[in-house]
Amino acid sequence: MGGMAEPPRDDDLVDRVQARIDAFVAGQRTRLADAGPEAAALVDMAHRSVAGGKRLRAAYCYWGWRAGGGSPTDDRPVVAGAALEWLQASALVHDDVIDESATRRGRPAAHQAYADQHRGRGFRGDPRRFGVGAAVLLGDLMLSWADETFGPCRDGAAGGAAATHFDACKSEVVAGQFLDVVAEAAGDPTVEAAMRVVRYKAAKYTVERPLLIGASLAGAAPDLAAALSGFGLPVGEAFQLRDDVLGAFGDASVTGKPAGDDLRAGKRTVLVARAYERADPDQRAQLDAMVGDVALPADGVDRVRDILRSTGALAAVERQIADLYDAALRALDAAPLVDEAARKPLAELAERSVRRER
């Protein structure tokens, strides 16, 4: 059914999602007009926060819809994709506050931008506290907008099924973020704990749930939903493992974040957990001293990287990424897609997710 339909180019889908976001923001400007210029500036910041990015969640949602036999011209998966982009923007703002990250995509993170605004306008009080408070509210606003954007997709039986996945997505990403915070505070070095964070903070929320939202909107049968989970979960896990590798070894000019930031933040990633698993006592002592040191200098970052390499942790994570990617492609090959036109784009999305530099 619909097997001859031409898959849209990525920029077509990006443009459709962006148009939906822009129209929604225009409505919010009207709604909040009486709140004055400060509220208008908050709307502007929200709009900037959702600009750009890879739009992976929207793409997985759309191709989940097409895999379930949904029409290429129907706007429902685009609406759901826009909602997922608001959810992602909200999560990133909150994540940057929690991690005290100074930058996001090469620009000041929201809490840093608000702190700078506080200083520039000569406000009273603590700029940092103002920045954190403003950024938390910005993230809350965009989470509210995610729900409001998704609202029309909740209609009917198919919409109800999609909404179940959308609501689960929100709960899971918060749970995953909390597990991440706990792992950092507890200093839990186990691979099992790190993989639990990977699954709930990223894998389900980035790939599996968006796929299932789209497929459910199209009325997908249970066997297709199960097959898409079998594809989406390992892709999502590989995506986050790649993110962890880039967080330690990525080029700041490409990733948009300072090199080694995840190491300074004390992120208990699978990469770090693998290093603890393989390290000798001296190497463990060095990891304990350096991972989580917010003032860790560049040569300290280089030393941690040396340990990640020499223990075989980096090679082990690269093998794990490759194994997850292969498992995902096998699941996709066996998936009973309603529309065969979705198979190649889903494979291409998986490759983009796993084999990337930022």
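Does the stretch 268-279 contain any residue that is outside any loop (DSSP other than H, G, I, E, B), surrounded by fewer than 20 Cβ atoms within 10 Å (Cβ to Cβ) and of a type outside the set (Asp, Glu)? Yes, because at least one residue in the stretch 268-279 is outside any loop (DSSP other than H, G, I, E, B), surrounded by fewer than 20 Cβ atoms within 10 Å (Cβ to Cβ) and of a type outside the set (Asp, Glu). The criterion of at least 2 residues that are over 25 Å from Cys169 (Cα atoms), among the aliphatic types (A, V, I, L, M) and out of contact with any helix residue (DSSP H, G or I) (no Cβ under 6 Å at 6 or more places or on another chain) is met by the following helices (runs of 4 or more DSSP H) wholly inside the stretch 1-94: 37-49. Going by the structure shown, is Asp293 in contact with a helix residue (DSSP H, G or I) (Cβ under 9 Å, 6 or more places away or on another chain), modelled with pLDDT under 95 and closer than 19 Å to Arg309 by Cβ? For Asp293, the condition - in contact with a helix residue (DSSP H, G or I) (Cβ under 9 Å, 6 or more places away or on another chain), modelled with pLDDT under 95 and closer than 19 Å to Arg309 by Cβ - is not met.
If the condition is being within 25 Å of Gly236 (Cβ to Cβ) and touching a residue at least 24 places away in the same chain (Cβ under 8 Å), then the stretch 302-321 contributes Leu308, Gly312, Ala313, Leu314, Ala316, Val317, Glu318, Gln320, Ile321.
Total residues in the stretch 232-243 satisfying the condition of being touching a Lys or Arg at 6+ places or on another chain (Cβ under 9 Å) and crowded, with 23+ Cβ neighbours inside 10 Å: the figure is 5.
Among the residues of the stretch 95-126, those that are of a type in the set (D, E, K, R) and either part of a loop (DSSP other than H, G, I, E, B) or buried (at least 17 other Cβ atoms within 10 Å of the Cβ) (or both) comprise Asp95, Asp96, Asp99, Glu100, Arg104, Arg105, Arg121, Arg124, Asp126.
The criterion of being surrounded by fewer than 18 Cβ atoms within 10 Å (Cβ to Cβ), without any contact (Cβ under 8 Å) to a residue 12 or more places away in the chain and of a type in the set (Gly, Ala, Ser) holds for Ala289. Look at (1) buried (at least 24 other Cβ atoms within 10 Å of the Cβ); (2) on the phi > 0 side of the Ramachandran plot and you find that Leu217 fails only one, number (2).
Of all residues in the stretch 87-107, those that are on the phi < 0 side of the Ramachandran plot have Cβ atoms under 8 Å from Cβ atoms of residues that are in a strand (DSSP E or B), 6 or more apart or on another chain, in Leu92/Arg104; Asp96/Arg104; Ala102/Pro108.
Put simply, of Ala203, Ala168, Ala183, Ala248 the only residue that is surrounded by 21 or more Cβ atoms within 10 Å (Cβ to Cβ), without any contact (Cβ under 8 Å) to a residue 60 or more places away in the chain, aliphatic (A, V, I, L, M) and assigned to a helix (DSSP H, G or I) is Ala203.
Residue-wise test of (1) under 30 Å from Ala335 (Cα atoms); (2) surrounded by fewer than 22 Cβ atoms within 10 Å (Cβ to Cβ); (3) touching a Gly at 6+ places or on another chain (Cβ under 6 Å).
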site: Gly230; (1), (2), (3): yes, yes, no
site: Asp262; (1), (2), (3): no, no, yes
site: Pro281; (1), (2), (3): no, yes, no
site: Arg284; (1), (2), (3): no, yes, no
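So Tyr205 clears everything in (1) at pLDDT below 95; (2) over 27 Å from Asp74 (Cα atoms) except one condition, right? Which one? Condition (2) is where Tyr205 drops out.
So that you can scan it fast, the table gives a plain yes or no per residue for (1) over 30 Å from Phe150 (Cα atoms); (2) touching a Leu at 6+ places or on another chain (Cβ under 7 Å); (3) among the aliphatic types (A, V, I, L, M):
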| position | (1), (2), (3) |
| --- | --- |
| Ile213 | no, no, yes |
| Phe231 | no, yes, no |
| Ala238 | no, yes, yes |
| Leu241 | no, no, yes |
| Arg264 | yes, yes, no |
| Leu271 | yes, yes, yes |
| Tyr276 | yes, yes, no |
| Arg284 | yes, no, no |
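The values are calculated or read from the model by the stated rules, or taken from the named source; none is laboratory data. Everything numeric in this text was worked out from a predicted model, so none of it was measured. No Cβ is skipped: glycine too gets one built from the backbone with ideal geometry, and neighbour counts run over all protein chains shown.
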